[in-house]
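Notes to accompany the following structure.
The numbers here are math on the coordinates, done by the rules we state, and not lab data. Source: prediction; values computed, not measured. Here Cβ is always computed from backbone atoms with ideal geometry, including for glycine, and neighbour counts include all displayed protein chains.
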Amino acid sequence: MKYLVFAFLLVFATATTEPDFKKDEKIRIMVNKISPYSNPTESYRYYDLPFCAPETTFEEPQSIGEKLSGDRKMNSLYEAAFENAQKKKTLCSKKLTPEQTEKFREAIRQNYIFEMFVEDFPVGNYIGVYKDGKTLLARHLNFNILYNKELGKIIKVSVDYEDPADTIDITATDKTYDINFTYSVNWGQTNLASPHVNKGAESFFIDEVHWFSFLNAFVLTSFMIIIVWMILQRVAKSETSTGTGADLESDRKDEDFNWKVIRVEVFRCPSHRYTLCAFVGSGTQLVLMVLILFLLGVVGMYYEHRGSIITAGILLYALTAIISGLVSARFYKYLGGTHWALNIILTASIFPASAFIVAMLLNNIAWAVNSTAALPFSSVMFVIFIWALVTLPLTVLGGITGRVRTDETLNDVGGKLPKMARVIPPLPFYHKPWFTILMAGLLPFSAMNVELYYAFSAIWGHKMYTMYGMVFMMFIMMLNMTACISITLTYFQLNALDYRWWWRSFFYGGSSGIFVFIYAIYFYLTKTQMHGFLQVMYFFGYSGLFSLAVFLMMGSVGFLSSSAFVRHIYVRSKTD
């Protein structure tokens, strides 16, 4: 355990240390991948096109996060030295056959872009330009590097070329082209001391839209907190009841106190309790993981190395597994469960198994077309070993702890239940499960849809998401709003004499995941130009997985808040 924590800290210690360069010190320029601009996931190796390549090519060392994000860094013929400008240096002279030229033509007409790395800075541009019926291939690249001379640090890097001076017309299909590929390295000084804001692709920044979204979420959250406060005030009023027959008769005439009538039935054990407890435990773990993940983003852990957020997510999920086991086992024992092995295994595997099935399905598709989106076998085995050696044991440990440290059971709290369940009266449509569950998810989603747009644009586009402080605050408000909505709807449900609140409270919160997936469909149809089977499958596969994570997180928040509320109003109530 201590070695895993040390490795986790080491990853981020190295991520926050920017190397200092001295004059004429070698700068690494690595090639990475190519992909259609509108299909960023449909990526291929850089040397799948007949670019200039060394005699021996090899992959550079990469983190697990970089490999999982589709990066395949390889050595190149490009050379650069710190503060050493180069003008039109020859990369190689290449004779392109008609077959090789056709590969370039097809890529240019499909708006393919290339990506390289200058040290840890990703840079890229279009392979060429297609306009006025002509196919122009970029044969000269300009690497523009901003640096801080005093600190010896690279601050920002970009790559471009001028059209038509740096391009060559390769429109003719039956011709062999002799092309001299060249490049220049230009250096410029800046007073900026840190590359955090500038490193990587173009970033999103907080603007008026974000502040409006934040204000909207804050108002909605405040409104829901006030409603919950009013409900608790009503409950407090009922607790002043003397418990006499006259008081109870008066309460029964008041619809706000109907929940007292079913004070025994609310503690009737739900069906499929091991599944419910596994959902709650897994969702609680995801909530904790996401909170820490956002906090690390706030302090700037993800700007230095691409893929670091994926690496952090894998390690955090493994290390927080003890929470899922603890929460799941505590509730499972509280509900009188006996199938402990089933409960623990389900808790440890419910989300990882879903992720594994989706990833392997998409992997087979990516392997079939030789895309770098396919996960390397070594990376897949690494993730499996992390689950088997860290996640599962910690879940078992948390389960044992939760079982041992939980003494109270449902029977201790609710007392003896009648053999026959109480008949639930006919409910109006606004108390029907389908209506209340859908309405429960709409409000939190409406508060998050703006940030959801920027998150989807970063994941499925070419921009870097840097607004972790904003999304952290929005996530906190979404958790509060989900808790308040679940408490409110549970209260209304109990007042309608419907005591089946266990699963319903989970779905009150989890329904936000349904709206997230619906938004993913809307985003695909209206905000992207994605096409092709591979890209479509990747988009909806991982969007579905993301929606499942939201479902589990918000569902666990809804269940835990409603459970605490029900316990408060019934266990502490003075009504007999």
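Taking amide H as placed 1.01 Å from N in the peptide plane, the amide H of Thr135 sits under 5 Å from that of Ile170, Thr171, each at least 5 places away or on another chain. Karplus-derived 3J(HN,Hα) values for segment 213-226, using 6.51 cos²θ - 1.76 cosθ + 1.60 with θ = phi - 60°, are 4, 5, 5, 4, 5, 5, 5, 5, 5, 4, 4, 5, 5, 4 Hz; glycine and proline are entered as x. Net charge dipole, the chain: roughly 1440 debye, given to the nearest 20, about the Cα centre with Cβ charges of +1 for Lys and Arg and -1 for Asp and Glu.
Between Asn411 and Met381, what FRET efficiency follows from the Cβ-Cβ distance if R0 is 45 Å, with the result rounded to 0.05? Don't skip to the end; give the middle numbers.
Details: r = 46 Å, r/R0 = 1.02.
Taking R0 as 45 Å, the efficiency between Asn411 and Met381 is 0.45.
DSSP finds beta bridges in the chain, and of those with both partners inside it, around 80 percent are antiparallel. Exposure proxy ranking for Asp407, Asp166, Asp498, based on other Cβ atoms within 10 angstrom of each Cβ and starting from the fewest, stands as Asp407, Asp166, Asp498. Applying 1/(1 + (r/R0)^6) with r as the Cβ-Cβ distance of Trp367 and Thr57 and R0 = 22 angstrom yields a FRET efficiency of 0.60. Taking a threshold of 20 Å on the Cα-Cα distance, which of the pairs Lys89/Lys156; Lys23/Lys156; Lys333/Lys432 fall above it? Result: Lys89/Lys156; Lys333/Lys432 exceed 20 Å. For Ala80, the amide hydrogen comes within under 5 Å of the amide hydrogens of Ile27, counting only partners 5 or more places away or on other chains and with H modelled in the peptide plane. Computed log10 I(q)/I(0) for segment 440-576 at 0.09, 0.17, 0.21 Å⁻¹: -0.34, -0.90, -1.19, from the Debye equation with unit scatterers placed on every C-alpha and solvent omitted.
Determine the calculated [θ] at 222 nm for the chain from helices alone, applying -39500 (n - 2.57) to every DSSP H run no shorter than 4 residues and normalising by the residue count; nearest 500 deg cm²/dmol. Each step should come with its number before you reach the end.
Values: 16 runs with 300 residues, N = 576.
For the chain, the value works out to -18000 deg cm²/dmol.
When peptides 60-73, 32-45, 218-231 are ranked by their average number of other Cβ atoms within 10 Å per residue, the highest-first order is 32-45, 60-73, 218-231.
Using Cβ contacts closer than 10 Å as the measure, can you line up His210, His568 from fewest to most? Intermediate results must be reported in sequence, preceding the final value.
On the way: His210 18, His568 13.
Placing the least packed residue first, the sequence is His568, His210.
Which entries of Lys94/Lys175; Lys73/Lys153; Lys88/Lys175; Lys134/Lys175; Lys33/Lys463; Lys26/Lys463 show an alpha-carbon separation above 24 angstrom in the structure shown? Please report the intermediate quantities before stating the final value.
On the way: Lys94/Lys175 14 Å; Lys73/Lys153 22 Å; Lys88/Lys175 26 Å; Lys134/Lys175 15 Å; Lys33/Lys463 16 Å; Lys26/Lys463 28 Å.
Over 24 Å apart, Cα to Cα: Lys88/Lys175; Lys26/Lys463.
Please give the Cα centre distance for segment 20-46 versus segment 527-553, rounded to the nearest Å. With segment 20-46 and segment 527-553 each reduced to a Cα centre, they are spaced 26 Å. Relative to the longest principal axis of the Cα atoms of the chain, the long axis of helix 502-527 makes an angle of roughly 30 degrees.
Apply 1/(1 + (r/R0)^6) to the Cβ-Cβ distance of Trp340 and Thr97, taking R0 = 56 Å, and write down the FRET efficiency to the nearest 0.05.
Efficiency at R0 = 56 Å is approximately 0.25.
The angle separating the long axis of helix 321-334 from the principal Cα axis of greatest extent in the chain is about 20 degrees. From the alpha carbon centroid of segment 106-159 to that of segment 264-300 is 44 Å. When each of the peptides 322-330, 77-85 is scored by the mean number of other C-beta atoms lying within 10 Å of its residues, the order from highest to lowest reads 322-330, 77-85. Positive end of the charge dipole of the chain (Lys, Arg +1 and Asp, Glu -1 on Cβ, about the Cα centre): tell me which of Leu362, Ser561, Val550 has its Cα farthest that way. Going by the charge dipole, the pick is Ser561. Coupling constants for segment 463-469 follow from the phi torsions by the Karplus curve (6.51 cos²θ - 1.76 cosθ + 1.60, θ = phi - 60°), and in residue order they are 10, 9, 8, 10, 8, 5, x Hz; glycine and proline get x. Across segment 454-461, coupling constants 3J(HN,Hα) worked out from phi with the 6.51/-1.76/1.60 Karplus curve, θ = phi - 60°, read 5, 5, 5, 5, 6, 5, 9, x Hz, and Gly and Pro carry x.
Please report the antiparallel percentage of DSSP beta bridges with both residues in segment 22-189, rounded to the nearest 5.
Details: 42 of 50 bridges.
Here the antiparallel bridges make up roughly 85 percent for segment 22-189.
For segment 468-503, the residues whose backbone nitrogen is under 17 Å from a point 7 Å from the Cα of Ala564, taken along Cα to Cβ, are 476-491. Taking Cβ separations below 4.7 Å as the criterion for a possible disulfide partner, the isolated cysteines in the chain are Cys269, Cys277, Cys484.
Quick one: grab the alpha carbon gyration tensor of the chain, order the square roots of its eigenvalues as a ≥ b ≥ c, and give me rounded if a/c is under 1.5, else prolate or oblate depending on whether a/b is larger than b/c.
Details: a/c = 2.54, a/b = 2.41, b/c = 1.06.
Taking the square roots of the gyration eigenvalues as a ≥ b ≥ c, the chain is prolate.
Compared with the dominant principal axis of the Cα atoms in the chain, helix 98-109 is inclined by about 50°.
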